[in-house]
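Let me begin by presenting the structure, written as structure tokens, before commenting on it.
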Amino acid sequence: MPDTKAALPDPKTLEIVKRLVAFDTTSRDSNLALIDWVREYLAKLGIDSHLVFDATGKKANLWATIGPADRPGLVLSGHTDVVPIDGQEWTVAPFEPAVKDGKLYGRGTTDMKSFVGVCLALAPHFQQAKLKTPIHFAFSYDEEVGCLGVRRLLDDLQARGIAPMGCVVGEPTSMKVIRAHKGKISVRAHVRGFECHSSLAPRGVNAIQYAARAIAELVRMGDKLAAEGPFDREFDIPFTTVHVGTIRGGTALNIVPKDCQFDFEFRHLPVHDPRQLFAEFEAFVRRELEPQMRAVHADTGFTFEEISSFPGLGGDEDSEVVQAAKAASGGNATAKVAFGTEAGLFEARGIPTVICGPGDIDQAHKPDEFVALEQIALCEQFLRRLVERFESRP
């Protein structure tokens, strides 16, 4: 069993994590300064890096291999981007990481630069190990805006004939082993109405009011899923959820609004088909709402645009990577979570994947984000034990 008492990480590990957090890699901006630093750090250890860029050339994924390159390896995966700090009330400087009361504060400390930092800090240890199974680093961009970067990375691996035997995604799980998570599909609805003076409201088509009726249907669907399922009680939220996150429309109170736009999502159990749910919702709109709108004016209606999606992670309890993660963590059980990660995309490419990383997901995306130093130390222990297991793997 690992020693789970309070511990401190290696000072070198902490310094690397701080260095990573100091890079402002908000998803809307480039991550190349961080990637260049990581590539230079690995190069000094004699480890080559392979970069996979986005279409603009301003962002990149990094792939590196330690150990024999002629056989399937274990991927240690993390994203380098962070969510914005806009509108949040921070009491510490978000990109000037600082330690206070056993916690490291800063944007990305939990989600998820601590895991990336531990991987990098342990690279020399991995080099010294007698690895029969290689260790791969996969550090991606734009996870926070739809798991975009890792898709290009996975395409590149496939094109180069690289087929890893397993993957550990280091999202914050308080170092518990997570074998399954929900998937997500997010959609933007645009409602096109017909504007007129509000005193003549029946002659117009109120885009906001029709959006409200559509949203009411989404609420009804969500309530039905919560009441009737399907259910998977191993999840923290055991059913598929429906959520409307933003709405905007109209120009003035005395004008019947021509346009309204709202964004919604289905976070679904791995066994649930979200496109079937969307088809049910769209059928309601086409059947119940658009005929009423077009009875007033023909050039009205709804259009839908998929914003992003990622698959759920099914997770095989008996897979080698799940068993290895359980042994390395000292835990006898696994769990399932509602939040999504890149893990489902690795699994969809035939790479068995598990999630285990330092920090509490409850800290992610919040002002004054922090990770407990003990969590970083436990992650060091976890990765050392994981590599020990693969030293002796046939």
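The values are calculated or read from the model by the stated rules, or taken from the named source; none is laboratory data. These numbers were taken from a predicted model, which means no experiment stands behind them. Every residue, glycine as well, gets a Cβ built from its backbone with ideal geometry; the counts of neighbours run over all protein chains shown. Calculation scope for accessible area: heavy atoms of the full protein, side chains included, ligands and nucleic acids excluded. Shrake-Rupley method; radii C 1.70, N 1.55, O 1.52, S 1.80 Å.
Observations on the structure shown:
- Flag for Val242 being in contact with a helix residue (DSSP H, G or I) (Cβ under 9 Å, 6 or more places away or on another chain) and either within 22 Å of Ile307 (Cα to Cα) or open to solvent by 50 Å² or more (accessible area, probe 1.4 Å) (or both): yes
- Filtered by the rule that a residue be out of contact with any Pro (no Cβ under 7 Å at 6 or more places or on another chain) and farther than 27 Å from Phe382 by Cβ, region 1-26 gives a lone residue, Asp24.
- Any hit, region 365-382, residues being of a type in the set (Phe, Trp, Tyr) and closer than 30 Å to Ile208 by Cα: no
- Top-ranked residue of region 56-110 - restricted to ones that are in a strand (DSSP E or B) and without any contact (Cβ under 8 Å) to a residue 12 or more places away in the chain, ranked as surrounded by the fewest Cβ atoms within 10 Å (Cβ to Cβ): Lys100
- Condition check for Ser186: surrounded by fewer than 20 Cβ atoms within 10 Å (Cβ to Cβ) and either more than 30 Å from Gly57 (Cβ to Cβ) or not polar (S, T, N, Q) (or both): no
- Restricting Leu373, Leu386 to those that are in contact with a Lys or Arg (Cβ under 9 Å, 6 or more places away or on another chain) and crowded, with 20+ Cβ neighbours inside 10 Å reduces the list to Leu373.
- Every residue from region 280-292 that is surrounded by fewer than 12 Cβ atoms within 10 Å (Cβ to Cβ) and in contact (Cβ under 8 Å) with a residue 24 or more places away in the chain: Glu280
- Scan region 155-183 for residues that are open to solvent by less than 20 Å² (accessible area, probe 1.4 Å) and either part of a helix (DSSP H, G or I) or of a type in the set (Asp, Glu) (or both) and the total you get is 2.
- Long-range neighbours under 7 Å by Cβ, at least six apart or interchain, first residue under 14 Å from Asn61 (Cα atoms) within region 19-47, second open to solvent by less than 50 Å² (accessible area, probe 1.4 Å) and part of a helix (DSSP H, G or I): Thr25/Leu34; Leu34/Leu20; Val38/Leu120
- Restricting attention to region 238-292, the residues that are among the aromatic types (Phe, Trp, Tyr) and closer than 11 Å to Ile185 by Cα add up to 3.
- Qualifying residues in region 184-219 (those that are outside any strand (DSSP E or B) and under 27 Å from the mean Cα position of the chain (by Cα)) - the one farthest from Glu288 (Cα to Cα): Val219
- Residue within region 127-145 that is under 25 Å from Asn332 (Cβ atoms), of a type in the set (A, V, I, L, M, F, W, C) and open to solvent by 10 Å² or more (accessible area, probe 1.4 Å) present: no
- Test result for Leu277, among the aliphatic types (A, V, I, L, M), within 16 Å of Ile215 (Cβ to Cβ) and either surrounded by fewer than 16 Cβ atoms within 10 Å (Cβ to Cβ) or under 23 Å from the mean Cα position of the chain (by Cα) (or both): yes
- Single residue of region 293-302 satisfying the filter (part of a helix (DSSP H, G or I) and touching a residue at least 40 places away in the same chain (Cβ under 8 Å)) that is farthest from Arg220 (Cα to Cα): Val296
- Any hit, region 221-237, residues being part of a strand (DSSP E or B), at negative phi and buried (at least 17 other Cβ atoms within 10 Å of the Cβ): yes
- Of the residues making up region 339-366, those that are in a loop (DSSP other than H, G, I, E, B), under 26 Å from Val21 (Cα atoms) and open to solvent by 50 Å² or more (accessible area, probe 1.4 Å) are Asp360, His365, Lys366.
- Every residue from region 82-129 that is within 18 Å of Asp360 (Cα to Cα), in contact with a helix residue (DSSP H, G or I) (Cβ under 8 Å, 6 or more places away or on another chain) and of a type in the set (D, E, K, R): Lys103, Arg107, Asp111, Lys113
- Candidates in region 248-260 are the residues that are crowded, with 16+ Cβ neighbours inside 10 Å and in contact (Cβ under 8 Å) with a residue 60 or more places away in the chain; of these, the one that is farthest from Gly314 (Cα to Cα) is Val256.
- When Gly315 is tested against (1) crowded, with 21+ Cβ neighbours inside 10 Å; (2) at negative phi, just one condition goes unmet, and that condition is (2).
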